[in-house]
Amino acid sequence: MPTRNTPPRIRPFQPGDLSTLLALNNSAVPAVNALTAEEMLDLVQSALVCLVAIVDGEPAGLLLCFADGADYESLNYRWLSERYANFAYTDRIVVDDRQRGRKIGDALYAALFSHPATSGRCFLCEVNERPPNPGSLRFHSRLGFEEVGKANNGDKSVVYMRRPADTAAGHSEA
């Protein structure tokens, strides 16, 4: 029987995950934007990688990542695309509030950093500065992300962050 200390199992998105992950995503607003089921499915289908954390047999977290060159209209993705090439961009990472403290975010990122599709790519993301999300800033900094810019997008302002390609896993920076 799994315990609170059992690490999450990380696997690719499966169609049966949609309703649970949509609810997780929309409960995380304003850290991420709200989505309809159709919008979420479109994002998943366009993603370089969509990873799901499973705890006690149920989805408990999501990491959705796009590659450079994707047909994606996000202001933040465009800002990063104008400045970087050969990257893996975390569009969103969401963890079930009831599962906080179980290192689900760490496990999702560990799986992303070692995923074959991200080999040789730097890792990019943005974190809200307004509304503030200091926990996410600390989390990403702890994982080796460093600030590379800021943008004021009206009702939101963000900090852009970058982590070099994972050379420890045999990847090399391009």
Would you please give the FRET efficiency between Ala31 and Asp71, computed as 1/(1 + (r/R0)^6) with r the Cβ-Cβ distance and R0 = 22 Å, to the nearest 0.05? 0.35
Taking a point 7 angstrom from the Cα of Ser157 along the C-beta vector, which residues in region 123-145 have backbone N less than 15 Å away? 127-134
Which ³J(HN,Hα) values, rounded to whole Hz and listed in residue order, are derived for region 36-43 from phi using the Karplus coefficients 6.51, -1.76 and 1.60 in 6.51 cos²θ - 1.76 cosθ + 1.60 with θ = phi - 60°, glycine and proline given as x? 8, 4, 5, 5, 5, 4, 4, 4
Using a 10 angstrom Cβ neighbour count of at most 12 plus a DSSP loop assignment to flag exposed GluC sites (Glu not before Pro), which longest range of the chain is free of such sites? 83-172
Gaussian network model of the chain, Cα within-10 Å springs - most flexible of Leu75, Leu41, Leu64: Leu75
Efficiency of FRET between Arg78 and Ala23 - r from beta-carbon atoms, R0 25 angstrom, step 0.05: 0.30
Expressed in nm to one decimal, what extension gain is obtained for the pair Ala117 and Asp56 from 0.36 nm per residue of sequence separation less their Cα-Cα distance? 19.2 nm
Shape category assigned to the chain from the gyration tensor of Cα positions, a/c cut at 1.5: rounded
If I model a spin label at Arg11 and Arg138 as a point 7 Å from the Cα along the Cα→Cβ vector, what separation in nanometres do I get? 3.3
Starting from the Cα-Cα distance between Val148 and Glu39, subtract it from 0.36 nm times their residue separation and give me the gain in nm to one decimal. 36.4 nm
Apply the Karplus curve 6.51 cos²θ - 1.76 cosθ + 1.60, θ = phi - 60°, to the phi angles in region 154-164 and return the couplings in whole Hz, x for Gly and Pro. x, 6, 10, 10, 10, 10, 8, 10, 9, 10, x
If ligands, DNA and RNA are left out, what is the accessible area of Ile104 with a 1.4 Å probe, given in Å² to the nearest 10? 0
Return one whole number: the accessible area per residue of the chain in Å², for a 1.4 Å probe. 50
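The values are calculated or read from the model by the stated rules, or taken from the named source; none is laboratory data. All values derive from a computational prediction rather than experimental measurement. Positions of Cβ are backbone-derived with ideal geometry, glycine not excepted, and every protein chain shown enters the neighbour counts. What goes into the accessible areas is simple: the full protein's heavy atoms, side chains included, and nothing from ligands, DNA or RNA. Shrake-Rupley method; radii C 1.70, N 1.55, O 1.52, S 1.80 Å.
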